[in-house]
Amino acid sequence: MKELSEWLAANTPLEPEVNKFVELFAQERMRLLGDKTITHYVARLQRDPKEAMNLHQHLAPPETWLFRYVAAFEVLREELQKCDRSKVIHVASLGCATGSEPFSIAATALSCGFTAEQIRILALDYSDEHLALSRTGRASALAQRTPIPNWASPFLRPTTQGQLQLDPHGLAMIDFLRGDLSTWKPDRLFDFVFCRNVAIYLNEPTKKRLGKLLSEMTKPNGLVFLGHADSVILADTDMRRSEVDHAFVFTKQEKVQQRTPDIFLKAFSPAVRPVVQSLPARPAPSKPVSGAKQLPNLVETPMASTVDLFTKAQIAADSGNMLVAERALVELLAVKPAEIEAHVLFGCVQMAQNKFTEAERSFTKVVYLDPLNSLALLSLAALADLRNDAKSAERFRDRAARTVVEKRID
């Protein structure tokens, strides 16, 4: 498979490693297309853009769902409410896939009373097929893995086909654009930038370019939202990480400012370094339904470390493989029952499987171990909303809002 690896390195921004699953995918395509050797298949990739896109989507599947990492959207909502509405707010969703992220951003903006004239959302993706699906404003049942916040639900209405339809006023906020993050250049600065769980699929040069791009395209004091495994791409930039748990949000400070405000820390300060800093330099996602690169089977390896298990669970969950994530977390928590980050992730995985009672137990345990864990508090608020317990939901959200203040005092 050396030829395929070399083709990937030369023609895509993706990590060129060819693992067993990519090899099996290539062999199956060769069988269906009648290509007798890998040389013939690589030649087809070179001349057939559709087949090249097919391989691209196998390596970097359009895995997405509404309000993924709900803490990020709570932060966005709070910041939008502070914005000067006499100026147009610009938001970017880079690697928007089939649209769940820009839909979530638009619903958040609608909940704050914004109109399409007051906020513009750029939704960028490499795939014309993904963008065509996004332009419908419909999110599939697969994109409904976690509860929709009560404040957003009026703007995402169920259809008779089991989808959710974004309010037309929200869809009017979004500008869809095809672009490759290895070459794309923005024509403006942005107040808020979302680029979550994209970097894990990219090769090293593209990761470095992306980190620089995110820093350069963000306005001073603007915010960048990343995925749990993406923080490393900002290591050499002037971005600083917020204290808000599990929002994975970074800010770009004014250059004239001599001191970083207390609420923000350096991206890799030990006090806020996420557990995923122990990831290997080139993490590969677990295989989702459509097929993607997969880590070694750490769960079934007796000597697997707890770090390996947590890493496997994170990447499996990120790729939509909730059963693999659940098995890894069960094994990890049997060894380290007080591991806060594992309980947090377990709760998220359980919510994604609609195991709401189990998720509530997980997040309650997190709050017992860490009373200032805002993601657990916000998740408990969302679960209370599902029970129509508005009083409890409000109480949990108030506690979450106080966590940043209490941490600053500490």
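The values are calculated or read from the model by the stated rules, or taken from the named source; none is laboratory data. Note that this is a predicted model, so its numbers are computed, not measured. Every residue, glycine as well, gets a Cβ built from its backbone with ideal geometry; the counts of neighbours run over all protein chains shown.
Of the residues Leu377, Leu329, Leu345, the single one that is under 26 Å from Ile148 (Cβ atoms), touching a Phe, Trp or Tyr at 6+ places or on another chain (Cβ under 8 Å), surrounded by 24 or more Cβ atoms within 10 Å (Cβ to Cβ) and modelled with pLDDT under 85 is Leu377.
Condition check ((1) among the aliphatic types (A, V, I, L, M); (2) farther than 28 Å from Ala376 by Cβ) across all residues:
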residue: Gly137; (1), (2): no, yes
residue: Gln144; (1), (2): no, no
residue: Ala152; (1), (2): yes, no
residue: Thr159; (1), (2): no, yes
residue: Gln163; (1), (2): no, yes
residue: Pro168; (1), (2): no, yes
residue: Ala172; (1), (2): yes, yes
residue: Phe176; (1), (2): no, yes
residue: Gly179; (1), (2): no, yes
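Picking from Glu74, Glu79, which residue would you name as being charged (D, E, K, R), within 23 Å of Leu213 (Cα to Cα), touching a residue at least 24 places away in the same chain (Cβ under 8 Å) and not in a loop (DSSP other than H, G, I, E, B)? Give the derivation first.
Numbers: Glu74 fails: within 23 Å of Leu213 (Cα to Cα).
Of Glu74, Glu79, the one residue that is charged (D, E, K, R), within 23 Å of Leu213 (Cα to Cα), touching a residue at least 24 places away in the same chain (Cβ under 8 Å) and not in a loop (DSSP other than H, G, I, E, B) is Glu79.
Being modelled with pLDDT of 75 or more and loosely packed, with under 15 Cβ neighbours inside 10 Å is the filter here, so list the residues in the range 6-22 that pass it. Within the range 6-22, Glu6, Ala10 meet the criteria.
Being of a type in the set (D, E, K, R), surrounded by fewer than 20 Cβ atoms within 10 Å (Cβ to Cβ) and modelled with pLDDT under 90 narrows it down to one of Glu129, Glu117, so name that one. Walk me through how you get there before you give the answer.
Details: Glu117 fails: modelled with pLDDT under 90.
Exactly one residue qualifies, and that residue is Glu129.
Of the residues Ala152, Ala123, the single one that is aliphatic (A, V, I, L, M) and under 30 Å from Asn11 (Cα atoms) is Ala123.
Here Leu210, Leu124 are screened, and the one residue that is crowded, with 21+ Cβ neighbours inside 10 Å, at pLDDT 85 or above and assigned to a helix (DSSP H, G or I) is Leu210.
Figure legend. Inter-residue proximity from the range 107-125: first residues at negative phi, second residues among the basic types (Lys, Arg), beta-carbon distance below 7 Å, spacing 6+ or different chains. Indicated pairs: Thr108/Arg77; Ser111/Arg77; Cys112/Arg77; Gln118/Arg85; Asp125/Arg178.
Taking (1) outside any helix (DSSP H, G or I); (2) free of Cβ contacts under 8 Å to residues at least 24 places away in the same chain in turn, Lys50 satisfies each apart from (1). Among the residues of this structure, Ser140 does not count as one that is polar (S, T, N, Q) and surrounded by 18 or more Cβ atoms within 10 Å (Cβ to Cβ).
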